[in-house]
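Trainee: Here it is, the structure in full.
The values are calculated or read from the model by the stated rules, or taken from the named source; none is laboratory data. Computed from a predicted structure; not experimentally measured. Cβ atoms come from the backbone with ideal geometry, glycine included; neighbour counts cover every protein chain shown.
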Amino acid sequence: MSNRDFNTFKTHNTMERGIPKFSPYINGAMVEPSSGKFFQRFDPGDKGNLIGLVGDGSRDVGAAVDAAREAFDGDRSGWVSDYRLRARVLLRAAEIVRERAWELARLESLFTGKTIRTSRQGDIPRTAEMLEFYAGAADKLLGYSQQLRNGDVTILLRQPVGVVAAITPWNFPLLILARQTAPALAAGCTVVAKPATLTPATALELAKILEKAGAPPGVFNVVTGPGEIIGAELLKSPKVDVVNFTGETTTGKMIMQNAAPSLKRVVLELGGKNPNIVFEDADLEQVANAVTYGAFANNGESCAAGSRLLVHRNVRKQLVEMVSKRIRGLRVGYQLEETSDLGPLVSQQQMEKVLEYVAAAFSEGLNVVTGGRRLSGGVFDRGFYVEPTLVDETPPTSKLFREEIFGPVLTVTEFEDEDEAVALANATVYGLAAGVWSNDSRKAMRVAERVKAGTVWVNTYYTLPVEQPWGGFKESGIGRNNTVLALEHYLEWKGVYIDTQKGPMRPYYGIVLGQ
Ligand code: NAD
């Protein structure tokens, strides 16, 4: 995080009365951060506008973990044992999210820079669906049993693992937090959430919503503030059992190292550099729409962004023209304006990172067909607005082809045949998602099987309901979120062996006790 995006100050210096505070939420209440420090968060779309004071909870990790631990170990509230309570809480929380959809959408967009339509039509309803899905799972965590040859019985119980640390990024603050924690809560675990410093608001709203829905104190806690310190503390704590992290691949590698000494379970959802592979027999009108959507949804600040267009040489020129036309029609504007298709990027640091890649496109002599500049004039001068950009004829040696840009930049590379398409698709360290476009279902299936990605969309792109598993191959992560698969991270299998035989001896005792 760059200093340009934040100023730190002590509470007693604050002149900003009436600015909302986003502080640690521990044991059912928001508390003043023990450090006494806050970060100022400014509106990414209008940077003179102070939108929040984010409490530096670096010294509050221990208290949050203890609250989660006590809520789990003591089970005084019945959270761990009462699956119906958990189902009711998650279902009610989903209802509250829907009831407060507009307000939550506004808050999410204000802090992230994503457009209000993205929050309202995407993040918020999908968060409610996430909570509903796992509400339905809470009373179906079935174990099984087996009668053995000798008549004894083994019973496999499923028990919640314990305390879960959920470390989340800034691009989908509420949705990703719900994705990581709804299955954990359904399983009977308790949670300490660590939202990204830039976007803590809706994590705290989720804590309040869960409490209102009936979650006992200590079940869901939030620690706001810098990741390097708070994340490290969470990983060090022997009282945390699982860490579910979504963020950059480099941070994910650190998480894994830091989780090793206490052997925590680790789930990692990391970066992506996702290809859309377009064969010449595809429906190009649909492809052009989906490719534009997939690359520029959420301002391109998405791990799932279809940021590489791989297209058959016979249709490249035509498709580039069709996509460029759509890109030129995109309206960039303030994130809370209904008319904006793209908003500002989340921070100055993120904007500079994206602009560096665009500068590299120019210096590498690539063909920047449209976009390529920071926008200026009016509100653009007051925020972090970048033109949606298309770079044609990008070779696989270019850093634009290989590295995750995490902004509104789409590259185009042509291929000659199926083998080359697959080789190009797999030519990065990532393996999160891919799109395959063809009217030949056999070819589409062959390619889907050969592409190294956790999700492959065929003749569509970037639709991600909770029923679809989500996670990466290679350096895009470990484990899967969404679906019933996600429950596995939060459950232990316990085998209980019951002896049903009579008498003091068993055949195997004889190995030691003799006959
Ligand atoms: P980031 O790695 O910088 O931060 C993610 C979280 O980790 C934040 O809460 C941050 O405060 C915390 N953190 C930072 N340093 C830490 C440390 N040393 N120990 C523990 N925690 C630490 O990522 P970001 O910039 O917030 O998000 C963008 C990245 O997230 C992109 O790479 C994107 O691809 C990835 N992402 C992946 C998915 C997915 O599902 N695979 C989804 C969204 C975002």
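Trainee: Looking at segment 436-452, is at least one residue assigned to a strand (DSSP E or B), more than 16 Å from the ligand (Cβ to nearest atom) and touching a Leu at 6+ places or on another chain (Cβ under 9 Å)?
Mentor: yes
Trainee: Given the condition more than 22 Å from Ser109 (Cβ to Cβ), aliphatic (A, V, I, L, M) and either touching a Pro at 6+ places or on another chain (Cβ under 9 Å) or within 16 Å of the ligand (Cβ to nearest atom) (or both), answer yes or no: does some residue in segment 352-369 qualify?
Mentor: Yes, segment 352-369 contains at least one residue that is more than 22 Å from Ser109 (Cβ to Cβ), aliphatic (A, V, I, L, M) and either touching a Pro at 6+ places or on another chain (Cβ under 9 Å) or within 16 Å of the ligand (Cβ to nearest atom) (or both).
Trainee: Let me ask another. Only one of these is within 13 Å of the ligand (Cβ to nearest atom) and either within 17 Å of Asn221 (Cβ to Cβ) or exposed (fewer than 14 other Cβ atoms within 10 Å of the Cβ) (or both): Pro169, Pro173. Name it.
Mentor: Just a single option satisfies the conditions, and that option is Pro173.
Trainee: Can I ask one more? Considering segment 217-253 alone, what residues qualify as being within 11 Å of the ligand (Cβ to nearest atom) and surrounded by fewer than 17 Cβ atoms within 10 Å (Cβ to Cβ)?
Mentor: Glu228, Ile229, Ala232, Lys236, Glu248, Thr250, Lys253, listed by residue number.
Trainee: Shifting gears a bit: Please work out which residue is nearest to Thr112 (Cα to Cα), limiting yourself to segment 52-82 and to residues that are in a loop (DSSP other than H, G, I, E, B) and among the polar types (S, T, N, Q).
Mentor: Filtering first and then ranking leaves Ser77.
Trainee: On the basis of being modelled with pLDDT under 95 and away from the ligand (no atom under 16 Å from the Cβ), does Gly495 make the cut?
Mentor: Answer is no for this residue.
Trainee: Another question, if that's okay. Just a yes or no: is a residue in segment 145-157 small (Gly, Ala, Ser) and in a strand (DSSP E or B)?
Mentor: Taking every residue of segment 145-157 in turn, at least one turns out to be small (Gly, Ala, Ser) and in a strand (DSSP E or B).
Trainee: Hey, any hits in segment 308-316 for a residue that's away from the ligand (no atom under 11 Å from the Cβ), surrounded by fewer than 21 Cβ atoms within 10 Å (Cβ to Cβ) and part of a helix (DSSP H, G or I)?
Mentor: Yes, segment 308-316 contains a residue that is away from the ligand (no atom under 11 Å from the Cβ), surrounded by fewer than 21 Cβ atoms within 10 Å (Cβ to Cβ) and part of a helix (DSSP H, G or I).
Trainee: Among the listed residues Ala282, Ala288, Ala297, which satisfies the condition of being at pLDDT 95 or above and within 14 Å of the ligand (Cβ to nearest atom)?
Mentor: One residue alone meets the criteria, Ala297.
Trainee: Moving on to the next point. Kindly evaluate Leu263 against the criterion of being without any contact (Cβ under 8 Å) to a residue 12 or more places away in the chain and more than 30 Å from Thr202 (Cα to Cα).
Mentor: yes
Trainee: Moving to a separate point now. When you scan segment 168-275 for helices (runs of 4 or more DSSP H) that lie fully inside it, which ones turn up with 2 or more residues that are among the acidic types (Asp, Glu) and under 25 Å from Ser302 (Cα atoms)?
Mentor: Hits in segment 168-275: none.
Trainee: Take segment 361-413 and flag every residue that is among the polar types (S, T, N, Q) and touching a strand residue (DSSP E or B) at 6+ places or on another chain (Cβ under 8 Å).
Mentor: If the condition is that a residue be among the polar types (S, T, N, Q) and touching a strand residue (DSSP E or B) at 6+ places or on another chain (Cβ under 8 Å), then Asn367, Thr370, Thr389, Thr394, Ser398, Thr411, Thr413 are the ones that fit.
Trainee: Can you confirm whether segment 282-290 contains a residue that is farther than 10 Å from Gly435 by Cβ and part of a strand (DSSP E or B)?
Mentor: no
Trainee: Now for a separate question. So is Ser324 outside any strand (DSSP E or B), under 30 Å from the mean Cα position of the chain (by Cα), within 21 Å of Ser119 (Cβ to Cβ) and of a type outside the set (Asp, Glu) or not?
Mentor: no
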